[in-house]
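Trainee: Sharing a structure here in structure tokens format.
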Amino acid sequence: MLAILHALGMFVADLFKARCRLEAENLFLRHQLNIALRRAPLRLRLRGSDRALLVWITRLWPNLVDLAEVVKPETILRWHRAGLRAYWRRKSRNRAGRPKVDRSLRDLIRRMSRENPLWGAPRIHGELLMLGFEVAQSTVSKYMVRRRKPPSQSWKTFLQNHADAIAAIDMCVVSTVTFESLFAFLVLGHGRRQLLWVEVTNHPTAVWLARQITEAFPWVTAPTYLVRDNDHAYGHVFTSRVRAMGIRDRPISPGSPWQNGYAERLIGTLRRECLDQILIFGEAHLRRILTLYAPYYNESRTHLSLRKDAPLGRRVQRYGTIATTPILSGLHHRYARI
């Protein structure tokens, strides 16, 4: 900036000098420039103000381009064109072109793309239009998540889509007051964690277990897969009955109860919330307790895996007086509006 001010000051002073003196000074300065260029490096380092001054002078007097010694004339012209581009770019900034896409909309596009790997840009664009967003399909394609591999659903989605076709069975050992061992046979549906069937016996046999499967699943509602453990009680009669009903028997690996985790979780819940709190007097008493607990488990008790809903579904009640119904003589309670 100081160089430009100094040059302007010298220009004003030269206006009052004689022509012969100006020619002499021009010759003297040109000779000094030639001497300086002899010892100068091959590439001079010029400041931005130096470039601007050279461009401005040659813009006023175009013939001076041919007199350039420090740089080539083509370089000065290139600086001039770059300056014009920067000027018009700044002048037209934020005045034309496509409107900016809001950050929340960009995040929504990426979210839809991640949550729905099978959706393309047209599908996401249509969904955004239904949500009231005016955006071009090319913009949606620009902000979608890029994947290296072909789109695929997650394992969680895959398993949830097949959960309704899977049921699990297990037996829970219950000790009575007289230290007698009873067996509670439980059938659980994977889809909504519904307790489908419960029965009690003191000696489970293959014939008895086969009859329980028949009563738990009518012929038209039998699941596709049945998960169970490797208890010796499941004999040939049981497996033949299951096969005849069109159910694919899938016993878990020996010593791997985690493979039947849903049924194990049901047994743990049943013990904590019911059986560990009550003294069982006999087979009939245990059957009555489980018969009372099963509707509460399916219709009222909320589950974390079902987003705090019950297996059979509970309607949200916002109006009315709250009424309380005791379950198992007040061990649990059911709340509803009337």
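Each reported figure results from applying straightforward, stated rules to the coordinates on display, with no laboratory input. These numbers come from a predicted model, not from an experiment. With ideal geometry, Cβ positions are generated from the backbone for all residues, glycine too; neighbour counts draw on all protein chains shown.
Trainee: Arrange MET144, MET130 by Cβ neighbour counts within 10 Å, fewest through most, would you?
Mentor: In order of increasing Cβ crowding within 10 Å: MET130, MET144.
Trainee: Sequence-distant or interchain residues sharing an amide H contact under 5 Å with VAL200, placed H: which?
Mentor: Amide H neighbours of VAL200, under 5 Å, 5+ apart: PHE185.
Trainee: Now, a different point. DSSP loop (so not H, G, I, E, B), at most 11 other Cβ within 10 Å: list which chymotrypsin sites (Phe, Trp or Tyr not before Pro) in segment 279-328 pass both filters.
Mentor: Answer in residue order: TYR319.
Trainee: Within 10 Å of each residue's Cβ, count the other Cβ atoms and sort ILE289, ILE252 from fewest upward. Write out the running numbers ahead of the final one.
Mentor: Values: ILE289 23, ILE252 17.
Lowest count first: ILE252, ILE289.
Trainee: When the Karplus curve 6.51 cos²θ - 1.76 cosθ + 1.60 is applied with θ = phi - 60°, which whole-Hz ³J(HN,Hα) does each residue of segment 169-179 get, with x for Gly and Pro?
Mentor: For segment 169-179, the Karplus curve yields 10, 6, 10, 10, 8, 10, 9, 8, 4, 8, 6 Hz.
Trainee: Ok, one more. Mind listing the long-range amide H neighbours of HIS332? Cut-off is under 5 Å, sequence gap 5 or more, other chains count too, H placed in the peptide plane at 1.01 Å from N.
Mentor: For HIS332, the qualifying residues are ILE327.
Trainee: Assuming R0 = 30 Å, what is the FRET efficiency of LEU306 and SER138, from their Cβ-Cβ distance, to the nearest 0.05?
Mentor: The formula returns an efficiency of 0.15 here.
Trainee: How many percent of DSSP beta bridges within segment 161-337 run antiparallel, rounded to 5?
Mentor: In segment 161-337, DSSP labels about 75 percent of beta bridges as antiparallel.
Trainee: With r as the distance between the Cβ atoms of LYS156 and GLU74 and R0 = 51 Å, compute the FRET efficiency 1/(1 + (r/R0)^6) and round to 0.05.
Mentor: Numbers: r = 65 Å, r/R0 = 1.27.
The computed FRET efficiency comes out at 0.20.
Trainee: Also, I was wondering about something else. Applying the Karplus parametrisation 6.51 cos²θ - 1.76 cosθ + 1.60 with θ = phi - 60° to the phi angles of segment 112-129, what ³J(HN,Hα) value in whole Hz is obtained for each residue in order, glycine and proline being reported as x?
Mentor: Result, ordered by residue: 4, 5, 6, 6, 10, x, 8, 8, x, 4, x, 5, 5, 4, x, 5, 5, 5 Hz.
Trainee: Taking θ = phi - 60°, what integer Hz values does the Karplus form 6.51 cos²θ - 1.76 cosθ + 1.60 yield along segment 249-263, in sequence order, with x for Gly and Pro?
Mentor: Karplus-based 3J(HN,Hα) across segment 249-263 equals 7, 10, x, 7, 5, x, x, 10, x, 5, 6, 10, x, 5, 5 Hz.
Trainee: Can I ask one more? Of THR302, THR239, how do they rank once you tally other Cβ atoms within 10 Å and put the fewest first?
Mentor: Sorted ascending by nearby Cβ count, the order is THR302, THR239.
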